[in-house]
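Have a look at the structure below, then the notes.
The values are calculated or read from the model by the stated rules, or taken from the named source; none is laboratory data. Worth saying up front: this structure is predicted, and the values here are computed from it rather than measured. Cβ: placed from backbone, ideal geometry, glycine included. Neighbour counts: every protein chain shown.
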Amino acid sequence: MNKYKILLWLMTVAIICTMEACSEDEEPDMSTSVITVEKGESNAFDNYLDLIYRETYNINFMYRFEDIESDMDYQLVPALYENSVKMANLVKYLCLDAYEEVAPDGFLEKYFPKMIMLVGSPAYNNNGTIVLGTAEGGLKITLYNINNLDVTNVDVLYEYYFRTIFHEFSHILHQTKDYSTDFDKISSTDYVGGAWNDAWDNSSSLEAGFISDYSSKEENEDFVELIAHYITTSPDDWNAILEQAGEDGSDILNQKMAIIKSYLLQSWEIDIDKLRDAILDRAEKLAEQDLDNITIE
């Protein structure tokens, strides 16, 4: 028997064995997919999120960890359920409800990012920094470090979560209706691009007219960082920042804030001082809020 006959014989045996193996089982139902996806049932929290986020604002609030929506460049862990409940209530109370007090009807439904995703762990960069939050195309905001959530410390809440939200939301606003180019000219020669993390080791970005080191990256980041910091800072603390910035730095900051105030009022009918008051008033009453509540009334 030559090699071609041997090969033909082996193929025949393989086909017969395959047919016999199939005959031992019931004929497969070709209308049913062989790929199965486990579908969890909706719980009370899911129903609560549907009501206060999806149905009201068309926002998908994601607290379950999904690889397809996560940044695979980092080693991340899911958010704790109990902290996710607290964060869902916090975002509504300190952010959405505050905007509702001062913004035109339909403003949030139309412009606020359509997805908020929670991640339990921080996202660590190789340069020693951590990612506080990310945004993708104005559609999705990811908040990290949810498992270390401390609802008793408003300053930490601002720094780790809410300035990120206000920052990213403000990007959507200026990308929709651009601000005056006069803003770009104020610090045009002082922006440092990607070197912002190392550029201010021996000097103060505040004295150069930047509210944060990251503000010095470029014009758009400067613009939204100012908004995020201003509306989460009391008038007294803001005045202290201006004093710390010195004469030159405070003058630059005041010039930028004048343009921002005019922009928000004329383009969006939002008085930034009223928005700040709404946020700060809510922050003062935070201890009175039941952040574990998921009751649908």
So, first residue under 18 Å from N254 (Cα atoms) in region 185-200, second residue surrounded by fewer than 17 Cβ atoms within 10 Å (Cβ to Cβ), Cβ within less than 6 Å, six or more apart or across chains; the pairs are I186/Q255; Y191/E218
So, in region 92-107, how many residues would count as being over 16 Å from A228 (Cα atoms) and without any contact (Cβ under 8 Å) to a residue 60 or more places away in the chain? 4
Taking helices (runs of 4 or more DSSP H) that fall entirely within region 137-191, which contain at least 1 residues that are more than 22 Å from E218 (Cα to Cα)? 154-157
Only one of (1) surrounded by 15 or more Cβ atoms within 10 Å (Cβ to Cβ); (2) modelled with pLDDT under 90 is not met by M72, so which one is it? (1)
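Here's the yes/no breakdown for (1) on the phi > 0 side of the Ramachandran plot; (2) of a type in the set (G, A, S); (3) within 25 Å of the chain's Cα centre (by Cα):
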| residue | (1), (2), (3) |
| --- | --- |
| A199 | no, yes, no |
| N202 | no, no, no |
| A208 | no, yes, no |
| S212 | no, yes, yes |
| K217 | no, no, yes |
| D222 | no, no, yes |
| A228 | no, yes, yes |
| T233 | no, no, yes |
| D237 | no, no, no |
Scanning region 271-297 for residues that are in a helix (DSSP H, G or I) and hydrophobic (A, V, I, L, M, F, W, C), the one surrounded by the fewest Cβ atoms within 10 Å (Cβ to Cβ) turns out to be A287
Picking from W268, W200, the residue that is surrounded by 15 or more Cβ atoms within 10 Å (Cβ to Cβ) and modelled with pLDDT under 95 would be W200
Kindly evaluate D97 against the criterion of being at pLDDT 95 or above and either in a loop (DSSP other than H, G, I, E, B) or surrounded by fewer than 17 Cβ atoms within 10 Å (Cβ to Cβ) (or both). yes
So, in region 141-195, exactly how many residues are of a type in the set (D, E, K, R) and closer than 27 Å to M115 by Cα? 7
Number of positions in region 165-181 that are polar (S, T, N, Q) and free of Cβ contacts under 8 Å to residues at least 40 places away in the same chain: 2
Test for I259: is it part of a loop (DSSP other than H, G, I, E, B) and in contact (Cβ under 8 Å) with a residue 24 or more places away in the chain: no
Criterion violated by I186 - all others in (1) over 28 Å from K86 (Cα atoms); (2) among the β-branched types (V, I, T); (3) out of contact with any Gly (no Cβ under 9 Å at 6 or more places or on another chain) satisfied: (3)
